[in-house]
Amino acid sequence: MRLSRFHLATTREAPADADIVSHQLMLRTGMIRKLASGIYTWSPLGLRVLRRVEAVVREEMDRTGAIEMLMPTIQPMELWAETGRWKKFGGQLLKLKDRKEAEYCYGPTAEEVVTDYARNELRSYKQLPLTVYQIQTKFRDEIRPRFGVMRAREFLMKDAYSFHLTPEGLAREYANMYAAYTRIFTRLGLKFRAVQADTGAIGGNASHEFHVLADAGEDTLAFSDQSDYAANVERAEALAPTTPRPAPTQPLARVDTPTQKTIDAVSAFLKVTPARCVKTLLVRGADGLVALCLRGDHELNEIKAAKLPELAGELALADEADIVKHLGCVPGFIGPVGLPADIPVIVDRSAAVVADFVCGGNATGSHYTGANWERDAHGTRIEDLRKVVAGDPSPDGHGKLAIARGIEVGQVFQLGTRYSAAMGVTVLDDAGQNRVLHMGCYGIGISRIVAAAIEQNHDAAGIIWPEPMAPWRVVICLINPKHKPDVDAAADALHADLNANGIETALDDRGLRPGAMFADLELIGIPHRIVVSERGIAAGTFEYRGRRDTESRQLERDALMALFKSV
Ligand code: ATP
Ligand code: MG
């Protein structure tokens, strides 16, 4: 590819509205352009990278035995009503109407479509197991689209679905896909980790997420320092403390805290550590208000809370008016002592073993000190409600937890019969019995991977592509092309030679000054740079520099070729 005929559009300035490095660099290199909130055009440069990721994913999917197909992006409402997700998927579902007022959505995922396909196509156990996949645009009306293609509304996903007669068959395919995901992220040159995951809106029994490790990640991951336990914090269990609760030593006393509404303010004012405070959150349950009590230094795990039977799947904080009406105080002063009897009090495992604690006094401007469970306050139940923190014991009993940030680039699920039962997917088994199928589903965020790779691979000069993702592996620089026909011819010959050897190479013949040209090529992150010069031609060498090198080297053709072959 001659870059003079390609459309490159790099800029020096960091764009004002991009908060993270990958988003900035994708804009500066011109890989993407924003069309609307969370909706991006992939430029010719960006598309080259996207296609590389897609190619690796496709190859590894094919290797697992999965078969590629293509499903529509526009999906009829009736299918989503069958699984209950037309309502349950919530605001992320972009709903549309056609001219006949028939309702559709733009697919955020394709369980319903593929399950409908399966119930029409599959008749006999002899057609099983079957795994199909597609690489198709998805749309989710994200509340906060941000970070460019990392959390976009329109994005490219690989989604695979498998169908089995038995749970054992599903478990085997799950392991097969897990292994394929491991190969994909390894081949792409990414530092990643698979973690146990919550099943979220997709549902099902077992699930793992694959995360690219990066500080910009929106997810928090917990790892054991001594075993292979790893889980999304959303799902990591906080074990019950092993030491029993100490006996009370202090009397219950009401103290004035006129303006102290937060744990930090109260603990500073009363000179007690946040770990000796109990904070109480009032949330709206299915049958009225529910109080959740946590140690002051711990945070509520909203996913765990939403699973409490009292909350029936949704976590919504009570609003101020509700709190004032039921307790007579404003938020910031709520506590478990003397709460109305019709409010269940669910206490986190760690908060349940604190004695002589500080908590809200259920009166504006007042707290209790010396409060104690059983003597002063009654928990309805003890539950695991909090997010794990660094240093917590690992739930598998081995070692302590460390915390890191991750970008979710893939997730695999054992769905079981969640969709096949709802939509009636059955086949005849070898005894002529009708059997409901077991399903798995397996997603990869193709476009998100591009951004995630940049988060992990960049420096002050720009992107440093892992070789399998680079738009070109090699770029040949033509300095001052018009005046030196020998140099032009030598560069042309090398360009043709490398491409003929399967090494994707670009020729930078844009006629830029060397400084500007090199800065541009470093920004877009081409792994290998070669400069052809008159002096080199005379000596039979090329000036070579790797993207991570600090200096150039003179190399003969064979040495150069060996460098590229070694990947
Ligand atoms: P997230 O928790 O990040 O919102 P998700 O768990 O809802 O993602 P899945 O349903 O598991 O997403 O979709 C499969 C993959 O699609 C994800 O692992 C992720 O890589 C990608 N993906 C999901 N939402 C987006 C988005 N808004 N923008 C880009 N990629 C996305
Ligand atoms: Mg997911």
Whole-Hz Karplus ³J(HN,Hα) for segment 322-334, in order, using 6.51 cos²θ - 1.76 cosθ + 1.60 and θ = phi - 60°, x for Gly and Pro? 4, 5, 4, 5, 8, 10, x, 9, 8, x, x, 10, 7
Would you mind working out the accessible area per residue for segment 434-477, using a 1.4 Å probe, and quoting it in Å²? 21 Å²
Value of Rg to Rh for segment 213-292 (Rh from inverse mean 1/r over Cα pairs, i.e. Kirkwood): 1.06
From the helices alone, meaning DSSP H stretches of at least four residues, give me the mean residue ellipticity at 222 nm for the chain, per-run term -39500 (n - 2.57), in deg cm²/dmol to the nearest 500. -8000 deg cm²/dmol
Counting every C-alpha pair in the chain, the percent lying more than 42 Å apart is 39 percent
Taking only the alpha-carbon atoms of segment 22-136, what semi-axes of the equivalent ellipsoid follow from 5 times the gyration tensor eigenvalues under a square root, in whole Å, largest first? 30, 24, 10
Long-range amide H partners of L94 with built H, under 5 Å: Y106, D141
Checking segment 62-109 for trypsin sites (Lys or Arg not before Pro) in a loop per DSSP with at most 14 other beta-carbon atoms within 10 Å yields R99, K100
With a sphere of radius 9 Å drawn around the Cβ of D384, what net charge do the other residues whose Cβ falls strictly inside it have (Lys, Arg +1; Asp, Glu -1)? 0
The farthest towards the positive end of the charge dipole of the chain, of the residues V278, A18, A506, given +1 on Cβ of Lys and Arg and -1 on Cβ of Asp and Glu, is A506
At 0.36 nm per residue, and after removing the present C-alpha to C-alpha distance, how many nm does the segment from M423 to A461 gain when stretched out fully? 8.4 nm
Skip the ligands, DNA and RNA, and give the accessible area per residue of segment 198-270 with a 1.4 Å probe, whole Å². 52 Å²
Treating only the Cβ of Lys, Arg, Asp and Glu as charged (+1, +1, -1, -1), what charge dipole size does the chain show about its Cα centre? Round to the nearest 20 debye. 740 debye
Take H378, H298, H326 and sort them by solvent-accessible surface of the protein heavy atoms, 1.4 Å probe, largest at the top. H378, H326, H298
To one decimal place, what orientation-averaged projected area in nm² is obtained for the convex hull of the Cα set of segment 347-394? 4.5 nm²
How far is helix 485-500 tilted, in degrees, relative to the longest principal axis of the Cα atoms in the chain, given as a value from 0 to 90 rounded to the nearest 10? 50 degrees
Listed residue (P466, L494, C477) projecting farthest to the positive dipole end of segment 462-505, Cβ model: C477
What does the extension gain come out to for A206 and L70, with contour length at 0.36 nm per residue minus their alpha carbon separation? 46.3 nm
Using only the alpha carbons of segment 374-441, what is the convex hull's orientation-averaged projected area in square nanometres? 10.6 nm²
Over segment 475-567, with every protein chain in place, what whole percent of the accessible area is carbon and sulfur at 1.4 Å, could you tell me? 51 percent
Once both labels are modelled 7 Å past Cα along the beta-carbon direction, what's the D264-D430 spacing in nm? 6.6 nm
So what's the angle, to the nearest 10 degrees on a 0 to 90 scale, between helix 446-456 and the longest Cα principal axis of the chain? 90 degrees
DSSP loop GluC sites (Glu not before Pro) in segment 4-64 with at most 16 other Cβ atoms within 10 Å of their Cβ, which ones? E13
I'd like the accessible area for Y544: 1.4 Å probe, protein heavy atoms, all chains in place, Å² to the nearest 10. 10 Å²
In whole Hz and in residue order, list the ³J(HN,Hα) couplings for segment 545-550 that follow from phi through the Karplus curve 6.51 cos²θ - 1.76 cosθ + 1.60, θ = phi - 60°; x for Gly and Pro. 8, x, 4, 8, 6, 9
Cα-Cα longer than 22 Å, checked against K191/K304; K100/K138; K87/K279; K88/K307, kept in input order, equals K191/K304; K100/K138; K87/K279
For all pairs of alpha-carbon atoms in segment 162-311, what percent lies in each bin of width 10 Å, listed from the first bin to the last filled one? 8, 24, 29, 21, 13, 5, 1
In whole Å, what is the distance between the alpha-carbon centres of segment 56-70 and segment 84-114? 27 Å
Taking only the alpha carbons of segment 15-76, the radius of gyration and the largest Cα-Cα distance, Dmax, both in angstrom, are 15.5, 45
How far, in nm, would the chain grow between N120 and K88 when pulled straight, counting 0.36 nm per residue and subtracting the alpha carbon separation? 9.0 nm
Placing one identical point scatterer on every Cα of segment 71-184 and ignoring solvent, what is log10 I(q)/I(0) from the Debye formula at q = 0.21 Å⁻¹? -1.23
Skipping prolines and chain starts, which residues have an amide H placed within reach, meaning under 5 Å, of the one on Y229, given they are 5 or more residues away or on another chain? S224
With +1 on the Cβ of every Lys and Arg and -1 on the Cβ of every Asp and Glu, and nothing else charged, how large is the dipole of segment 455-523 about its Cα centre, in debye rounded to the nearest 20? 240 debye
Label-point separation, E551 to E101 (7 Å along Cα→Cβ), nm: 7.8 nm
For the pair D497/R513, report the inter-label distance in nm, with labels modelled 7 Å from Cα in the Cβ direction. 3.1 nm
Kindly express, to the nearest 10 degrees and within the range 0 to 90, the angle between helix 167-187's C-alpha long axis and the longest C-alpha principal axis of the chain. 50 degrees
Magnitude of the Cβ-charge dipole (Lys and Arg +1, Asp and Glu -1) of segment 312-355 about the Cα centre, nearest 20 debye, reported as 200 debye
Residue-ordered couplings for segment 370-378, obtained by feeding phi - 60° into the Karplus form 6.51 cos²θ - 1.76 cosθ + 1.60 and rounding to whole Hz (Gly and Pro as x), are x, 6, 9, 4, 6, 5, 10, 9, 10
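The values are calculated or read from the model by the stated rules, or taken from the named source; none is laboratory data. Model, not experiment: these values are computed from the prediction. For neighbour counting, all protein chains shown are included, and Cβ atoms are generated from backbone atoms with ideal geometry for every residue, glycine included. Heads up: the accessible areas ignore ligands, DNA and RNA and are worked out on the full protein's heavy atoms, side chains in. Shrake-Rupley method; radii C 1.70, N 1.55, O 1.52, S 1.80 Å.
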